[in-house]
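Participant: Take a look at this one; I'll ask things after.
The values are calculated or read from the model by the stated rules, or taken from the named source; none is laboratory data. Worth saying up front: this structure is predicted, and the values here are computed from it rather than measured. Cβ sites come from the backbone with ideal geometry, for glycine too, and all protein chains shown count toward neighbours.
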Amino acid sequence: GVPSDIYSELSTSDIKWNEIELSDGTKLPITNAAYSKIVATNRNQEDRKKAFEALYNSFNTNKNTYASIYKSILQRDFASAQSRNYSSSLEKSLNPKDIPVEVYQSLIESTKENTAPLKRYIALRKKALGLKEYHYYDNSINIVDYNKEFSYEEAKESVLESVKPLGDSYYNGLNTALGEGWLDVYETSNKRSGAYSINIYDVHPYMLLNYNGTMDSVFTLAHELGHTMHSMLSTENQPYPISSYTIFVAEVASTFNERLLLDNMLKKTTDSKERIALIEQAISGIVGTYYIQTLFADYEYQAHQIVESGKAITPEILNNIMANLFSEYFGNEMSMDELQKIIWARIPHFYNSPYYVYQYATSFASSANLYNRITSDKYTPEEREASKNAYLELLKSGGNDHPMNQLKKAGVDLSKKDAFLAVSTEFNRLLDLLEEEINKEKGE
């Protein structure tokens, strides 16, 4: 655990944040939080560039130290795997959950084969934002300047209405979660950031939010309520020792809820700006939760293979892996900044929990498959009803089996590359909708 501890100290306690001056004269240090806010809300590309360079230089300054820490983690992982007769660090990491190495490899291979929608999206954004060059720090800004505020009551009503396709029992459970004082909703002094749902067996889940009225907050509410319902159904149907579900399936219910909310909100609005913002909200989930996390999983796989083949690890080698991956996944529409290559130094999961991030992508792909089986008109009403019941059984199963088996019972076999195609299919569908709405907004 020592390398992880050293990384935490270097990237938090000892890091030196660089100060910048924005185009409006504001001066501020660029921390992780400040960077996230600027790239998501500041419509001046030069300001986003300044924030990007300031943040990434904070890590680039110590690139040799970060590379040395990461090398020791890679060597530790392989030594541990060898001592237990595993052929690789990956095999050792996947074994406790009985996940075949082929699933990890299939995820990467299938995603690389289906990057066309991602490249199409970047080209669309570049044109819509009117940018001569598109950079990584342009990924988070919305195409339209949309700032509608949703009251918490409106958010609750929208989420509740959206889950009706899952039946009365699910709806009533969600209604209970929203109405019994289980949620700490608003930001207060000294409250931690973000959102989460934590389950207390034989009591109920508790949820932390920092609700601020944005569309993102509405989707966060739906997301965390997915975790809460998963926990409630697991607790009601499983004894304590096997009630906790694994990370491998943890994001299925949360992302499924988000898809339900998106469809419901799109049906209710005719405002082109709102429809564009909604579609972008959904697409950002695909890009961030599936494609980016698979890219990171690909990076981890390649970095571990370098050590396992007896070769050296240097900052330049790690930079080259990242440069090649971003080029492969995003294509030529995105201009590669030299500092972008150092992104491996600022992802805590690489240092604290190797071979973790791929599970975001597998959960997302599973959710996409299940959603398609439950809602698509290409299935009969009887088939959709059977798929819905199988999905609810998955949520009720907690940790009573290995996650691959649980998903197979629900109708998703991640050992087959085709299981990952549902993501790119949904991506293309949303891109068609986005192009249509952008043309409407322009009056074309």
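Participant: Report the residue count in the range 213-248 for those that are touching a residue at least 40 places away in the same chain (Cβ under 8 Å), β-branched (V, I, T) and assigned to a helix (DSSP H, G or I).
Facilitator: Of the residues in the range 213-248, 5 are touching a residue at least 40 places away in the same chain (Cβ under 8 Å), β-branched (V, I, T) and assigned to a helix (DSSP H, G or I).
Participant: Can you tell me which of A277, A222 is aliphatic (A, V, I, L, M), buried (at least 22 other Cβ atoms within 10 Å of the Cβ) and farther than 29 Å from K396 by Cβ?
Facilitator: From the options A277, A222, the qualifying one is A277.
Participant: Criterion first (touching a helix residue (DSSP H, G or I) at 6+ places or on another chain (Cβ under 7 Å), crowded, with 21+ Cβ neighbours inside 10 Å and not hydrophobic (A, V, I, L, M, F, W, C)) does E308 satisfy it?
Facilitator: Here the answer is no, as E308 does not meet what is asked.
Participant: Report, by residue number, each residue of the range 191-212 that is over 19 Å from A34 (Cβ atoms) and in a loop (DSSP other than H, G, I, E, B).
Facilitator: Passing the criteria: A195, N199, I200, Y201, D202, V203, H204, P205.
Participant: Could you grab me the full set of residues in the range 11-54 that are touching a Ser or Thr at 6+ places or on another chain (Cβ under 6 Å) and closer than 27 Å to Y146 by Cβ?
Facilitator: V39, A40, N44, D47
Participant: Now for a separate question. Can you find a residue that is under 17 Å from T115 (Cβ atoms) and of a type in the set (V, I, T) anywhere in the range 275-285?
Facilitator: yes
Participant: Restricting attention to the range 1-54, which residues are in a helix (DSSP H, G or I), within 25 Å of G130 (Cα to Cα) and charged (D, E, K, R)?
Facilitator: K37, E46, D47, R48, K49, K50, E53
Participant: Spot the failing condition for A368; the list is (1) among the aliphatic types (A, V, I, L, M); (2) part of a helix (DSSP H, G or I); (3) more than 25 Å from D263 (Cβ to Cβ), and only one is missed.
Facilitator: (3)
Participant: Follow-up. Considering the range 135-165 alone, what residues qualify as being part of a helix (DSSP H, G or I) and hydroxyl-bearing (S, T, Y)?
Facilitator: Within the range 135-165, Y136, Y137, Y152, S158, S162 meet the criteria.
Participant: Collect the residues in the range 96-134 that are among the basic types (K, R) and either in a helix (DSSP H, G or I) or crowded, with 18+ Cβ neighbours inside 10 Å (or both), keeping them in residue-number order.
Facilitator: Residues satisfying the conditions are K97, K112, K119, R120, R125, K126, K127.
Participant: Scan the range 120-140 for residues that are over 18 Å from I38 (Cβ atoms) and in contact with a strand residue (DSSP E or B) (Cβ under 7 Å, 6 or more places away or on another chain) and jot them down.
Facilitator: Scanning the range 120-140 gives I122, K126.
Participant: Okay, moving on. For the range 297-340, how many residues are outside any helix (DSSP H, G or I) and either charged (D, E, K, R) or within 26 Å of Q75 (Cβ to Cβ) (or both)?
Facilitator: The qualifying residues number 8.
Participant: Take D202 and decide whether it is of a type outside the set (S, T, Y), farther than 18 Å from E154 by Cα and more than 18 Å from the chain's Cα centre (by Cα).
Facilitator: Answer is yes for this residue.
Participant: Counting only residues that are of a type in the set (V, I, T) and crowded, with 19+ Cβ neighbours inside 10 Å, which one in the range 135-167 is nearest to L225 (Cα to Cα)?
Facilitator: V159
Participant: Right, here's the next one. Would you point out the residue of the range 168-212, among those that are touching a residue at least 12 places away in the same chain (Cβ under 8 Å) and charged (D, E, K, R), that is surrounded by the fewest Cβ atoms within 10 Å (Cβ to Cβ)?
Facilitator: D202
Participant: What pairs can you find where one residue is in the range 39-54 and of a type in the set (A, V, I, L, M, F, W, C) and at pLDDT below 95, the other is part of a helix (DSSP H, G or I) and buried (at least 19 other Cβ atoms within 10 Å of the Cβ), and their Cβ atoms are less than 6 Å apart, with a gap of 6+ or different chains?
Facilitator: Every condition considered, the pairs that remain are V39/R48; V39/Y137.
Participant: Has the range 382-403 got any residue that is crowded, with 21+ Cβ neighbours inside 10 Å, outside any loop (DSSP other than H, G, I, E, B), in contact with a Pro (Cβ under 9 Å, 6 or more places away or on another chain) and among the aliphatic types (A, V, I, L, M)?
Facilitator: Within the range 382-403, not a single residue is crowded, with 21+ Cβ neighbours inside 10 Å, outside any loop (DSSP other than H, G, I, E, B), in contact with a Pro (Cβ under 9 Å, 6 or more places away or on another chain) and among the aliphatic types (A, V, I, L, M).
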